[in-house]
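One structure below.
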Amino acid sequence: MQALHRLALPLASLTALGLLASDLYLPAIPVMAAELGASIPSAQATMALFMAALALSQLAWGWAADHFGDRRTIMAGTVLLGGGSLVCAMAPGIDWMLAGRLLQGLGAGAATVAVPALIRRRFNEADAVKALAMVAMAESTIPAVGPVAGAAIVLYADWRTTFWLIAAMSLLLLPLVARIVGRAPASAHPAATPAQRGYAPLLRNRRYLRYAFSYALMFGALLMYVASAPVLVTHALGLGIEAFAILQICGVLAFMLGASAAVRLVKRLGQQWLVRSGTLLQFLAGAGLMGMALAGLAGTRGLVALAVLAALFCGGLGLRGPATMGGALHAAGDDAGKGAGLLMFLAFACVAGATQLVAPFLHYGLLPLGALLFAMVSASALLLPR
């Protein structure tokens, strides 16, 4: 257990730093645009470019983790993240800002792939689920804390401070992670043949694909809800945007409780119990959303009901998310790096598709979101290997 904490906690900090590069910057976008003389579409493109680079880099980093090793992949990604942050911090115009955000997105993608692969290679299946849950708990705090910290920076310091902070944290984490991760033993390195054969074996691995698509649908359902919630809170519930912050806090706390329970219970009750229990909670959340929509709940009562349902869904994700990812990486075997890369690429693609699919129907209220969320959770459950 001590070895697990020694490795998992610094790696959790590294993946959290990549997410912070996105969320810490959000409140600075209007100020940055004004100072650099950029249009609103150009300013928004700095976020879109970061997310596109993050998503598309998953497959490349997955191959790199299997070909060059997890340590080198993590180090290269951290250097890119820090270098991109420096470019953004010193950007004289919007073109340089876009270039820096591209580098940041590419760098942030390395940790989301190499960290799960490294965990899979270092630990047995149950301990890997524990370590993945610890990483997930660290990641879950960023959507709640990042924008608040970013707003404080914009109020009391220059917007460029956000990028100087990311660059400094990358520099500080680099030697720490290099020392703790160290060089993996020979048995932990993937064989040369799997690293050279690309993604074809994974695309023929039915067990891996079932776990990967199940995870992607679950992840997509969550971020579809998060992306849609601000509109629903103001239009369907008739409340101010501060209600969205309340929902975010409830969701993050519930996720952390679920992930913490996964750490404690995985060895006693098993991976499949975590997956089934988490799926059941998510079913209840999806069904509850549709029931809430049909009942026409709004105002404070609607907010309370939606907060409970968000907590159910996120708590279920905390229980089953690490176990589902662990199952996919275990099924990938020696291709753990490419397995993590393909899984996260599918997850980001599912987020984009689901968010775009539900967007035209948000003016009808909660029912379309609840129906799509319930359908995605159902499909995710059906895909799980028996």
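The values are calculated or read from the model by the stated rules, or taken from the named source; none is laboratory data. Please read these numbers as outputs of a predicted model, since none were measured by experiment. Don't worry about glycine lacking a Cβ; one is built from the backbone with ideal geometry, like all the others, and counts go over all protein chains shown. For accessibility, only protein heavy atoms count, side chains too; no ligands or nucleic acids. Shrake-Rupley method; radii C 1.70, N 1.55, O 1.52, S 1.80 Å.
Side notes on the structure shown:
- Among the residues of the stretch 49-63, not a single one is part of a helix (DSSP H, G or I), under 22 Å from ALA157 (Cα atoms) and not basic (Lys, Arg).
- Of all residues in the stretch 328-341, those that are of a type outside the set (Lys, Arg) and open to solvent by less than 20 Å² (accessible area, probe 1.4 Å) total 9.
- Of residues in the stretch 150-160 being part of a helix (DSSP H, G or I) and surrounded by fewer than 16 Cβ atoms within 10 Å (Cβ to Cβ), the one modelled with the highest pLDDT: TYR156
- Single unsatisfied condition, SER187 versus (1) within 25 Å of PHE68 (Cα to Cα); (2) at pLDDT below 80; (3) small (Gly, Ala, Ser); (4) in contact with a helix residue (DSSP H, G or I) (Cβ under 8 Å, 6 or more places away or on another chain): (4)
- Pick from the stretch 235-252, criterion in contact with a helix residue (DSSP H, G or I) (Cβ under 8 Å, 6 or more places away or on another chain) and free of Cβ contacts under 8 Å to residues at least 60 places away in the same chain, ranking: farthest from ALA126 (Cα to Cα): GLY240
- LEU346 assigned to a helix (DSSP H, G or I) and either open to solvent by 20 Å² or more (accessible area, probe 1.4 Å) or of a type in the set (Lys, Arg) (or both): yes
- Being in contact with a helix residue (DSSP H, G or I) (Cβ under 9 Å, 6 or more places away or on another chain), open to solvent by 10 Å² or more (accessible area, probe 1.4 Å) and among the basic types (Lys, Arg) is a condition met by at least one residue of the stretch 72-81.
- The set of residues from the stretch 349-367 being buried (at least 21 other Cβ atoms within 10 Å of the Cβ) and farther than 11 Å from ALA221 by Cα comprises just one member, LEU366.
- Filtered residues of the stretch 24-48 (kept if farther than 30 Å from ILE119 by Cα and either open to solvent by less than 20 Å² (accessible area, probe 1.4 Å) or in a loop (DSSP other than H, G, I, E, B) (or both)): ALA28, ILE29, MET32, ALA33, GLY37, ALA38, SER39, ALA43, THR46
- GLY84 at pLDDT 80 or above and in contact with a Gly (Cβ under 9 Å, 6 or more places away or on another chain): yes
- Subset of the stretch 309-327 that is closer than 25 Å to ALA65 by Cβ and out of contact with any Ser or Thr (no Cβ under 8 Å at 6 or more places or on another chain) - its residue that is surrounded by the most Cβ atoms within 10 Å (Cβ to Cβ): PRO322
- Meets criteria (at pLDDT 85 or above and of a type in the set (Ser, Thr, Tyr)) for TYR199: no
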